[in-house]
Amino acid sequence: KTSTAISRSDGHESRSTAPDPPVKVVVRVRPVVGGEKEGDRIVRNVSADSVTVGDRVFKFDAVFDSKSTQGDVFQAIGVPLVKDALEGYNASILTYGQTGCGKTYTMWGPPSAIIEEHQKSSHQGIVPRVFSTLFTEIEKIRDDVKNGFYVENLTEEYVTNLEDVTQILIKGLSNRKVGATSTNLKGSRSHAVFTCIIESWSKGTSSDSFSSSRTSRISFVDLAGLESSIPDGAAMDYKKESKIVKFSLSQLGNLVNILANVPQSGMPQNIPHKNSSLTHLLRESLGGNAKLTIVCAISPDARCKSDTMSTLRFGQRARLLENKPVINEITEDDVNDLTDQIRQLKEELIRTK
Ligand code: ADP
Ligand code: MG
């Protein structure tokens, strides 16, 4: 239960001024790592909203160059997400790109940085930063400590503080499958989805009533790596898993293509959200009731050119998605209306018997 800090007028105001588009696609170029050389850099001319690969210029909502920090990325996409979620919007962040390009680094940061709860490591990724900010914000506005967040991680768990969330994050991440490829880049061979539901109430006039209630769902989706080729000498399970990953990513690509055509061709009769569990899970995030930010993670290196180009093309199409986020709110009046309707229907039922 919160006090009236998230008041109805606040939310409505920010919806009508809506500075942010419902769908944002940003690019992050990771630094040169390992055996790569600055001389092999193919990604150039990075500006605040464009990136040049070879002779092609791509425009995005924002582009973060190799020198960008975790803090820069959080300011640009994490801070607005916290604001949106507290206002009652569903909000999703999805990281997309080739293995080894910084998806997990951007979303989570290294495991050691996640554990450093309070003294914020500079390597902390978006998720731990979002939760520490959420709890700081919530401290100011809630007056009942018992009600915190629901964190959904296969099973739903109830959390009231940052430590609880951190424990769940660590548990979830350690369940994740990681396979070493022959290029010795550790890649995650699975998608990782972390969802958190926030419910808030603003108080009514009497102690047991409420004037409105809002529910929002935050989803963090760290996708498995997109790979155009399976490395030589990869183990059998790796090959099998690669096929599954490839299937779900191609379904995601198809769905984005279909939704990207909606502005020209109109809404098709069947939107194939159910073709894979990934697209089913993302049904609200892709074209539905959610704000969406996609981070396209790319390598600067020439050897990654084909995967880099396909990541950027995916990002370009995703910019055309038309999500329709609304504040998920039920007011006391809505509840009274529904109660009235139920009473009328019951009476009708009795009369027609
Ligand atoms: P992905 O999840 O896309 O497969 P990772 O996030 O695991 O890739 O990144 C691969 C490696 O590159 C990791 O060792 C990671 O720490 C490093 N890395 C990625 N992005 C950055 C960055 N912006 N700054 C420093 N290191 C990075
Ligand atoms: Mg990863």
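The values are calculated or read from the model by the stated rules, or taken from the named source; none is laboratory data. Quantities reported herein were computed from a predicted structural model and do not represent experimental measurements. Glycine gets a Cβ as well: all are built from the backbone with ideal geometry, and neighbour counts include every protein chain shown. Just so you know, the surface numbers come from the protein's heavy atoms only, side chains and all, with ligands and any DNA or RNA stripped out. Shrake-Rupley method; radii C 1.70, N 1.55, O 1.52, S 1.80 Å.
The table below gives the values:
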quantity: R0 of 22 Å, Cβ-Cβ distance E139-V79: FRET efficiency to nearest 0.05; calculated: 0.85
quantity: Global form of segment 240-310, assessed from the alpha-carbon gyration tensor, a/c cut-off 1.5; calculated: prolate
quantity: Cut-off 15 Å between beta-carbons: net charge of the residues surrounding N275, Lys and Arg +1, Asp and Glu -1; calculated: +3
quantity: Protection proxy ranking of 84-96, 314-326 - average other beta-carbon atoms within 10 Å, highest first; calculated: 84-96, 314-326
quantity: For segment 276-353: Kirkwood Rh in Å [reciprocal of mean 1/r, alpha carbons]; calculated: 17.1
quantity: Carbon/sulfur fraction of accessible area - segment 189-319, other protein chains in place, 1.4 Å, %; calculated: 51
quantity: Segment T160-H123, extension gain: residue separation times 0.36 nm, minus the distance between their alpha carbons; calculated: 10.9 nm
quantity: Global geometry of segment 203-294, whether rounded, prolate or oblate, following the gyration tensor of its Cα atoms and the 1.5 cut on a/c; calculated: oblate
quantity: Prolate/oblate/rounded label for segment 55-119 (Cα gyration tensor, a/c 1.5); calculated: oblate
quantity: Neighbour net charge for K67 - beta-carbon separation under 15 angstrom, K R +1, D E -1; calculated: +1
quantity: Amide H contacts of A91 (H built 1.01 Å from N, under 5 Å, at least 5 apart or other chain); calculated: R217, I218, S219, K291
quantity: Proximal charge balance of V256 [Cβ under 15 Å; K/R count +1, D/E count -1]; calculated: +3
quantity: Ranked order, W201, W108 - accessible area, probe 1.4 Å, largest first; calculated: W201, W108
quantity: 21 Å Cα-Cα threshold exceeded, pairs from K37/K239; K24/K140; K24/K83; K24/K246; K171/K291; K59/K246; calculated: K37/K239; K24/K140; K24/K246; K171/K291; K59/K246
